[in-house]
Amino acid sequence: MVGGGPGGMQAAITAAERGHAVRLIDANEALGGSLIAASRPPFKADLVRLLDFLRQRTQRAQVEVNLGVHVRPEDIAASDMDALIVAVGAEPIIPNFAGGNSAFFVTATQALSEPENLGREVVVLGCGTVGAETAWYLSSRGHEVTLVDCLAESELLINEHANNREVLRWQLSAHGIDIRSGCTVQSADESGIVVRTATGGEDKIAASHVVLAVGFQPRRTLVDAFRVAAAERIVIDVGDCVSPGRLGDAIHSGHLAAESV
């Protein structure tokens, strides 16, 4: 198994319980993948419990875990494995306007992991679930947060479950978060961003940092390279490296992948 997020851990657990000798490799220093940052806010205590549960089950299943290891395609080619399950997840989408300033623009994962590194005024780009929860968390820590999205106000969080959507909307309002819907970023510098508003005008929003929460893309290039390197051996990709989705889907896909080996 390459990738120790929730999908990778579940695949390792299921495979080990089915009698396979399992080696789980992850580039990070702890198992959990994106779940580690996602569980940082105090209101995500359920994710902390899930993360602890998956780690404990991985240990009980006697999975061999190797952390801090960056697997290369040549490592796959040289391995004596019979099957490979790839769970390398997804990476944040970085808009073109943010590509040249890694200090001013940070990902939602970085903001959740190290909020102490952010300045007082923060703009969060993207009002999906990740963006809304990140804005809520940062505001609860004392940051002045502006949440910007290109969608109309009525379409914000439209794909979220109705109950969760109402909770998020209520929390954003209760924390005094300034929501700018129907806005697109025109330019940015280290003093803030300029957006085009829904009415066609321009507005400057001051910011110490801009948090990018505009979505994720699967790490297909790495998956495809592993598949080529594995040659005739079984390769199954699971979770967000197939298509970014919900946590439960990643765990379920890991289980099904291990059952099919």
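A short reminder: the numbers here are calculations on the coordinates, not readings from a lab. Since this is a predicted model, take the numbers as computed values, not measurements. When we count neighbours, we look across all protein chains shown, and the Cβ atoms used for this are built from the backbone with ideal geometry, even at glycine.
Relative contact order (percent) for the chain, with alpha-carbon contacts under 8 angstrom and 6 or more residues of separation? Before the final figure, lay out the partial values.
On the way: 502 pairs, mean separation 69.8, N = 261.
Computed over the chain, the figure is 27 percent.
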Problem set entry | With Cα atoms, 0 to 90° folded angle of helix 220-230 axis to the chain main axis | 10
Exercise. Once you put a point 7 Å from the Cα of Gln56 and another 7 Å from the Cα of His161, both along the Cβ direction, what distance in nm separates them?
Worked result: 2.3
Seminar exercise, completed: Within region 50-146, DSSP-loop trypsin sites (Lys or Arg not before Pro) with at most 15 other C-beta atoms within 10 Å are Arg120, Arg141
For this session: Mind pulling the angle between the C-alpha long axis of helix 129-140 and the longest principal axis of the chain? Nearest 10 degrees, somewhere in 0 to 90.
Result: 60
Problem set entry | Nearest 10 degrees, 0 to 90: helix 247-260 Cα axis against the chain principal axis | 20
For this session: Would you calculate, for the chain, the mean residue ellipticity at 222 nm contributed by helices, counting each DSSP H stretch of 4 or more residues as -39,500 (n - 2.57) and dividing by all residues, to the nearest 500?
Result: -11000 deg cm²/dmol
For this session: Compute the distance in nm between two label points, each set 7 Å from the Cα along the Cα-to-Cβ direction, one at Trp170 and one at Leu256.
Result: 3.4
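Please compute the contact order of region 111-231 in relative form: average sequence separation of alpha-carbon pairs under 8 Å and at least six residues apart, divided by the residue count, as a percent. Walk me through the numbers before you get to the answer.
Details: 194 pairs, mean separation 35.2, N = 121.
Relative CO of region 111-231 lands at 29 percent.
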Exercise. With labels modelled as points extended 7 Å from the Cα through the Cβ direction, what inter-label distance (nm, one decimal) is found for Asn28 paired with Glu153?
Worked result: 3.7
For this session: Could you list which residues have their amide H under 5 Å from that of Val65, counting only those 5 or more apart in sequence or on another chain, with H placed in the peptide plane?
Result: Leu24
